[in-house]
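The values are calculated or read from the model by the stated rules, or taken from the named source; none is laboratory data. This one's a predicted model, so the numbers in the text were calculated from it and none came from an experiment. When we count neighbours, we look across all protein chains shown, and the Cβ atoms used for this are built from the backbone with ideal geometry, even at glycine.
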Amino acid sequence: MTDPAVLYRVAEVIESRKSADPTASYVAKLLHEGQDKILKKVAEESAEVLLASKEGDKSHITREVADLWFHCLVLLAHHNLQPQDVLDELRRREGISGIDEKAARKEA
C-alpha cells in the first residue's frame, strides 16, 4: 500500500491556501469564487472519471480520479471538513451492509 498520508498533506496545502492570493493560487481562486464554482469543478471531474472509465485506459482513469479527489478535498475545506471526517464515516459504515446503511439513513 502506498502512503495514505498524502491525502492529509494535500488537505493541509489546501487549508493553507484559504488565505492565499486568488490570483496566485488555483485553490485560493476556487475557494474565493465560492461553493458554486467548486461544485461545478466536482461535477466536471466526475464526468471526466465516467468518460475515462468508458475508455478503459487505466492511467487515464487514475489521473481523472486524482483530479476528482483533489476537488473533493477543496470542497471539504470549503465546509471546514477534513479527510479524517470522511474516513471516520467510512469506518462507521465498515461491516454494515450497504442496503442496511442506506435504509438507516432514510429512517433518520
Gln82 passes all but one of (1) closer than 27 Å to Gly34 by Cα; (2) at pLDDT below 95; (3) of a type outside the set (Val, Ile, Thr); which number fails?
(2)
Phe70 passes all but one of the listed conditions (1) in a helix (DSSP H, G or I); (2) out of contact with any helix residue (DSSP H, G or I) (no Cβ under 6 Å at 6 or more places or on another chain); (3) under 25 Å from Ile14 (Cβ atoms); (4) free of Cβ contacts under 8 Å to residues at least 40 places away in the same chain; the exception is number (4)
Only residues that are over 23 Å from Gln84 (Cα atoms) and assigned to a loop (DSSP other than H, G, I, E, B): list them for the range 17-35, please.
Ala20, Asp21, Pro22, Thr23, Ala24, Ser25
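Out of Ile38, Ile61, Ile14, I need the residue that is in contact with a Ser or Thr (Cβ under 7 Å, 6 or more places away or on another chain), surrounded by 11 or more Cβ atoms within 10 Å (Cβ to Cβ), part of a helix (DSSP H, G or I) and not basic (Lys, Arg). Which one? Outline the logic, then answer.
Details: Ile38 fails: in contact with a Ser or Thr (Cβ under 7 Å, 6 or more places away or on another chain); Ile14 fails: in contact with a Ser or Thr (Cβ under 7 Å, 6 or more places away or on another chain).
Matching residue, one of Ile38, Ile61, Ile14: Ile61.
Take the residues in the range 77-94 that are outside any helix (DSSP H, G or I) and either loosely packed, with under 13 Cβ neighbours inside 10 Å or of a type in the set (Ser, Thr, Tyr) (or both), then tell me which one is farthest from the chain's Cα centre (by Cα). Let's see the steps before the verdict.
The initial filter retains those residues of the range 77-94 that are outside any helix (DSSP H, G or I), namely 79-82, 94.
Next, only the ones that are either loosely packed, with under 13 Cβ neighbours inside 10 Å or of a type in the set (Ser, Thr, Tyr) (or both) stay: 79-80, 94.
Details: His79: 12, Asn80: 13, Glu94: 20 Å.
Applying the filter and picking the extreme gives Glu94.
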Out of the range 5-30, which residues are within 14 Å of the chain's Cα centre (by Cα) and not β-branched (Val, Ile, Thr)?
Leu7, Tyr8, Arg9, Ala11, Glu12, Glu15, Leu30
